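Just below is one structure, and these are the notes that go with it.
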Amino acid sequence: MRHTDLIEPLSLDEAYLDVSENKTGLPTATQVARTIRAQIREELKLTASAGVAPNKFLAKIASDWRKPDGLFVIRPEAVDSFLLPLPIGRLPGVGKVMEGRLKSCDVQTVGDLRTMELAMLERRFGRYGVRLYELSRGIDNSEVRPNRPTQSISSEDTFERDLLLNEIEPMIRILAEHTWAASRKETRIARTVVLKLKTSDFKILTRSHTPPSPPSSCEELTGIALSLRERVGMNTEQRFRLVGVGLSNFREVGDESAQPALFN
């Protein structure tokens, strides 16, 4: 709240900020980002990455660009030069299955996607085709929305060097503790545990489990997160650059309309 009231939390350690009008009177969003990173370093002794861009979609990509400790700026005039060469899998919502479908249409990059007409994308991918059309042009009109009901809580970390799957247990345990501590501040209860992994070539993998009853302790959350690691099912030589542990599917206390146990 020091710089703006327009803050939309994304996870335990990530948020969107609209600083088009900031409280400190700094003239540019880049200067605001530099100031926030410096304050985090000085006051909390922690590193922080920031992305500055014209909209939320581009800012999210920018914030990931120089993790774990960097600042990346996408200026309006540079959107195309940055966006078009990106692999199609870097777009939000383009998971492994969607990436395969797009590649079957000879779409390897965002630039390839932009050559496809809206009608064709809508015909092949339904409503998400419209979203793909907009993303390929750097369009995202969603506003930063503070005070939204919590949908998920997560904590993630980018490694200094890429690690094998069997090397990341200590970090899963630490992140589970952070996520559990953050969830204790919520009045609603999370039903689902999520494990997120990013491979060395930037592919995002998620595994989730909804137990019959919500996790009741940090130990239970940690145990489920570790069990999800065993369901990744990749080559033992595959290396990973990021891991995250999250809680989602928040329900009001006493809401018994829970889903049955489910692994994804």
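The values are calculated or read from the model by the stated rules, or taken from the named source; none is laboratory data. These figures come from a predicted structure and were not determined experimentally. Backbone-built Cβ (ideal geometry, glycine too); neighbour counts: all protein chains shown.
Annotation: of all residues in the range 169-178 being under 18 Å from the mean Cα position of the chain (by Cα) and under 19 Å from S49 (Cβ atoms), the one that is surrounded by the most Cβ atoms within 10 Å (Cβ to Cβ) is L175. Of all residues in the range 114-158, which are touching a Lys or Arg at 6+ places or on another chain (Cβ under 7 Å), of a type outside the set (G, A, S), closer than 15 Å to P92 by Cβ and touching a residue at least 40 places away in the same chain (Cβ under 8 Å)? Hit for the range 114-158 is D140, nothing else.
Name the residues in the range 1-43 that are of a type in the set (F, W, Y) and touching a Leu at 6+ places or on another chain (Cβ under 6 Å), would you? Selection gives nothing.
The requirement of being of a type in the set (V, I, T), part of a loop (DSSP other than H, G, I, E, B) and modelled with pLDDT under 90 is satisfied by V94. Return yes or no: is E230 surrounded by fewer than 20 Cβ atoms within 10 Å (Cβ to Cβ) and over 24 Å from P68 (Cβ atoms)? Against the criterion (surrounded by fewer than 20 Cβ atoms within 10 Å (Cβ to Cβ) and over 24 Å from P68 (Cβ atoms)), E230 qualifies.
The residue list V130, V194, V107 contains one member that is closer than 25 Å to D13 by Cβ and either in a loop (DSSP other than H, G, I, E, B) or of a type outside the set (S, T, N, Q) (or both), which is V194. One residue stands out in the range 4-26 among those that are small (G, A, S) and farther than 16 Å from E156 by Cα: the one that is nearest to the chain's Cα centre (by Cα), namely S20.
If you check L91 against the conditions, is it surrounded by 14 or more Cβ atoms within 10 Å (Cβ to Cβ) and either over 23 Å from L242 (Cα atoms) or charged (D, E, K, R) (or both)? Spell out the reasoning first.
Details: surrounded by 14 or more Cβ atoms within 10 Å (Cβ to Cβ): yes; either over 23 Å from L242 (Cα atoms) or charged (D, E, K, R) (or both): no.
It is false that L91 is surrounded by 14 or more Cβ atoms within 10 Å (Cβ to Cβ) and either over 23 Å from L242 (Cα atoms) or charged (D, E, K, R) (or both).
Is it the case that some residue within the range 187-196 is within 25 Å of N235 (Cα to Cα), touching a Lys or Arg at 6+ places or on another chain (Cβ under 7 Å) and in contact (Cβ under 8 Å) with a residue 40 or more places away in the chain? Checking the range 187-196: at least one residue is within 25 Å of N235 (Cα to Cα), touching a Lys or Arg at 6+ places or on another chain (Cβ under 7 Å) and in contact (Cβ under 8 Å) with a residue 40 or more places away in the chain.
As a summary of the residue check, I40 satisfies the conditions (1) in a loop (DSSP other than H, G, I, E, B); (2) out of contact with any Asp or Glu (no Cβ under 7 Å at 6 or more places or on another chain) except for the one numbered (1).
Can L242 be described as at pLDDT 90 or above, under 27 Å from Y16 (Cα atoms) and not polar (S, T, N, Q)? Criteria met by L242.
Scan N147, N166 and give me the residue that is surrounded by fewer than 16 Cβ atoms within 10 Å (Cβ to Cβ), of a type outside the set (V, I, T) and at positive phi.
N147
Criterion first (surrounded by 15 or more Cβ atoms within 10 Å (Cβ to Cβ) and either in contact (Cβ under 8 Å) with a residue 12 or more places away in the chain or not in a strand (DSSP E or B) (or both)) does A59 satisfy it? Yes: the conditions hold for A59. Do we have M120 as assigned to a loop (DSSP other than H, G, I, E, B) and assigned by TED's automatic domain parsing to the domain that holds R90 here? The answer is no for M120. Tallying residues that are part of a strand (DSSP E or B) and of a type in the set (D, E, K, R) within the range 148-190 yields 5.
So that you can scan it fast, the table gives a plain yes or no per residue for (1) within 20 Å of the chain's Cα centre (by Cα); (2) among the acidic types (D, E); (3) modelled with pLDDT of 90 or more:
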| residue | (1), (2), (3) |
| --- | --- |
| D157 | yes, yes, no |
| L164 | no, no, yes |
| A181 | yes, no, yes |
| R191 | yes, no, yes |
| I204 | yes, no, no |
| S213 | no, no, yes |
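In the range 37-53, the qualifying residues are those that are touching a residue at least 12 places away in the same chain (Cβ under 8 Å) and surrounded by fewer than 18 Cβ atoms within 10 Å (Cβ to Cβ), and the one that is nearest to M1 (Cα to Cα) is Q39.
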